[in-house]
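Before I ask anything, let me first share the structure, which is written out below as structure tokens.
The numbers here are math on the coordinates, done by the rules we state, and not lab data. Everything numeric in this text was worked out from a predicted model, so none of it was measured. Glycine also receives a Cβ, built like all others from the backbone with ideal geometry; neighbour counts cover every protein chain displayed.
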Amino acid sequence: MSKYICTTCGVQYPESEHPPESCRICKEERQYVNPLGQDWTTLEVMQANSDFKNEIIQEEENLFSITTTPSFGIGQTAYLIRENGSNVLWDCITYLDQETIRKINELGGIDAIALSHPHYYSAQVKWAETFDAPIYIHRDDQEWVMEPSDRIEFWSDEQLEFTRGLTLHRLGGHFKGGAVLHWPNGNSGRGILITGDIIQVVADSEWVSFMYSYPNQIPLPAKKVADIAARVKDLKFHRIYNAFHKTVKTNANEAVQRSAKRYISALQGTLFKT
Ligand SMILES: [Zn+2]
Ligand SMILES: [Zn+2]
């Protein structure tokens, strides 16, 4: 029996004798199945391959990024945030080894894990068991949890302060339960929003975007984009971190407002002539 991991999205499935027939996350239109065919691995196989390791980098005071190299699955970065004596893991990655556990324990371990959306569920249950932490996932995305666990706490409504000083906001869009993490004390009290794929930092890092599917380039309705911008307008944040180690460094709330206007104008045909 093994817990199989899809190599395209990095999501781990419950213990089974044979790999699942397909990956539900990848078969859905927001992801894609490997053109060479569905492929599986396990954490044990990855650990035996000495190429993999996790890089932990301090990004700024009380904020660390955790990224697997070489890149695995979608290649996202998770973040460890220290706030009010608690350590929170925002989003998750698949790979975990003794060296990572040692380094994270040196930083104080993990008290809670919170997820932006199903593309980063990865090996969240393994991480939660290893560090004895609960996992916070919005109830609207419950159907996308491939490996059930009684450590998962499904939250409802539009926001949840799950740790003092750290609040989840359900913005939806990319996924119905898509959430961002607001950290008002981050960046020396100027405020940080960590957004996963829910608000995406684009190539020009003074701008962001909002998509239903990034790999398949399916946009969101104008009404939803306006709603996301309105929902964060009154939150105090100066900086955004996305899931790929990219940031809007300053004036990030203004960047969200201006980007939403541009996006809607493009959808309505008023941004440019073509
Ligand atoms: Zn997959
Ligand atoms: Zn995604």
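Would you say G177 is free of Cβ contacts under 8 Å to residues at least 24 places away in the same chain and in a loop (DSSP other than H, G, I, E, B)?
Numbers: free of Cβ contacts under 8 Å to residues at least 24 places away in the same chain: no; in a loop (DSSP other than H, G, I, E, B): yes.
No, not satisfied.
Okay, next question. Can we say I5 is in a helix (DSSP H, G or I), within 15 Å of ligand 1 (Cβ to nearest atom) and crowded, with 16+ Cβ neighbours inside 10 Å?
Numbers: in a helix (DSSP H, G or I): no; within 15 Å of ligand 1 (Cβ to nearest atom): yes; crowded, with 16+ Cβ neighbours inside 10 Å: yes.
So I5 fails the test.
Yes or no, residue by residue, for (1) over 30 Å from S188 (Cα atoms); (2) in contact with a Cys (Cβ under 6 Å, 6 or more places away or on another chain):
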residue: D91; (1), (2): no, no
residue: L96; (1), (2): yes, no
residue: D111; (1), (2): no, no
residue: A114; (1), (2): no, no
residue: W127; (1), (2): no, yes
residue: T130; (1), (2): yes, no
residue: P134; (1), (2): no, no
residue: I137; (1), (2): no, no
residue: V145; (1), (2): yes, no
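Check every one of the strands (runs of 3 or more DSSP E) wholly within segment 29-145 and list those with 1 or more residues that are closer than 18 Å to L166 by Cα, free of Cβ contacts under 8 Å to residues at least 60 places away in the same chain and not acidic (D, E). Break it down stepwise before answering.
Numbers: elements: 53-60, 63-69, 78-83, 86-90, 112-114, 135-138.
Result: 63-69, 78-83, 86-90, 112-114, 135-138.
Would you please name the residue that is nearest to ligand 1 (Cβ to nearest atom), looking only at residues in segment 96-122 that are touching a Lys or Arg at 6+ places or on another chain (Cβ under 8 Å) and under 24 Å from R24 (Cβ atoms)?
Checked segment 96-122; the qualifying residue nearest to ligand 1 (Cβ to nearest atom) is H119.
How many of the residues in segment 23-47 are more than 16 Å from ligand 2 (Cβ to nearest atom), aliphatic (A, V, I, L, M) and out of contact with any Lys or Arg (no Cβ under 8 Å at 6 or more places or on another chain)?
Narrowing segment 23-47 to residues more than 16 Å from ligand 2 (Cβ to nearest atom): 34-47.
Filter again for aliphatic (A, V, I, L, M), leaving 36, 43, 45-46.
Going one step further and asking which of them are out of contact with any Lys or Arg (no Cβ under 8 Å at 6 or more places or on another chain), we end up with 36, 45-46.
Qualifying residue count for the region: 3.
State all residues of segment 185-204 that are within 18 Å of the chain's Cα centre (by Cα) and in a loop (DSSP other than H, G, I, E, B); if no residue qualifies, say none.
Across segment 185-204, the qualifying residues are T195, G196, D197, I198, I199, V202.
Give me the residue from segment 153-171 that is touching a residue at least 24 places away in the same chain (Cβ under 8 Å) and under 15 Å from D111 (Cα atoms) and, out of that set, surrounded by the most Cβ atoms within 10 Å (Cβ to Cβ).
L166
Right, here's the next one. Name every residue in segment 178-198 that is away from ligand 2 (no atom under 16 Å from the Cβ), touching a His at 6+ places or on another chain (Cβ under 9 Å) and closer than 15 Å to T163 by Cβ, in order of residue number.
H182, G186, I192, listed by residue number.
Same structure, new question: Give the number of residues within segment 228-274 that are surrounded by 15 or more Cβ atoms within 10 Å (Cβ to Cβ) and free of Cβ contacts under 8 Å to residues at least 12 places away in the same chain.
0
Something else now. Would you check which residues across segment 205-242 are of a type in the set (D, E) and either within 19 Å of S65 (Cα to Cα) or not in a helix (DSSP H, G or I) (or both) and list them? Full working, then the answer.
Here is the first cut: in segment 205-242, the ones of a type in the set (D, E) are 206, 227, 234.
Passing the criteria: E206, D234.
One residue is enough: does segment 160-167 have a residue meeting the conditions more than 16 Å from ligand 2 (Cβ to nearest atom), among the charged types (D, E, K, R), within 18 Å of the chain's Cα centre (by Cα) and more than 22 Å from L43 (Cα to Cα)? I'd like the intermediate steps shown before the answer.
Quick first cut of segment 160-167, residues more than 16 Å from ligand 2 (Cβ to nearest atom) only: 160-167.
Of the ones still in play, those that are also among the charged types (D, E, K, R) are 161, 164.
So of that shortlist, the ones also within 18 Å of the chain's Cα centre (by Cα) come out as 161.
Now narrow it down to the ones that are more than 22 Å from L43 (Cα to Cα): 161.
Yes; the residues of segment 160-167 include at least one that is more than 16 Å from ligand 2 (Cβ to nearest atom), among the charged types (D, E, K, R), within 18 Å of the chain's Cα centre (by Cα) and more than 22 Å from L43 (Cα to Cα).
Which one is nearest to ligand 2 (Cβ to nearest atom), of the residues in segment 1-22 that are under 14 Å from Y120 (Cα atoms) and of a type outside the set (A, V, I, L, M)?
From segment 1-22, those under 14 Å from Y120 (Cα atoms) are 5-13; that's our starting set.
With of a type outside the set (A, V, I, L, M) added as a condition, the list becomes 6-10, 12-13.
Numbers: C6: 14, T7: 17, T8: 13, C9: 9, G10: 12, Q12: 17, Y13: 18 Å.
Within segment 1-22, the match that is nearest to ligand 2 (Cβ to nearest atom) is C9.
Mind checking which residues of segment 30-58 are within 13 Å of ligand 1 (Cβ to nearest atom) and more than 21 Å from A78 (Cβ to Cβ)?
Selection gives Y32, V33, N34, G37, Q38, D39, W40.
I want to confirm something. Restricting to segment 173-224 and keeping residues that are surrounded by fewer than 22 Cβ atoms within 10 Å (Cβ to Cβ) and β-branched (V, I, T), which single residue is farthest from I81 (Cα to Cα)?
I218
Would you say F72 is out of contact with any strand residue (DSSP E or B) (no Cβ under 8 Å at 6 or more places or on another chain) and under 27 Å from E28 (Cβ atoms)? Can you show your working first?
Numbers: out of contact with any strand residue (DSSP E or B) (no Cβ under 8 Å at 6 or more places or on another chain): yes; under 27 Å from E28 (Cβ atoms): yes.
So F72 fits the description; yes.
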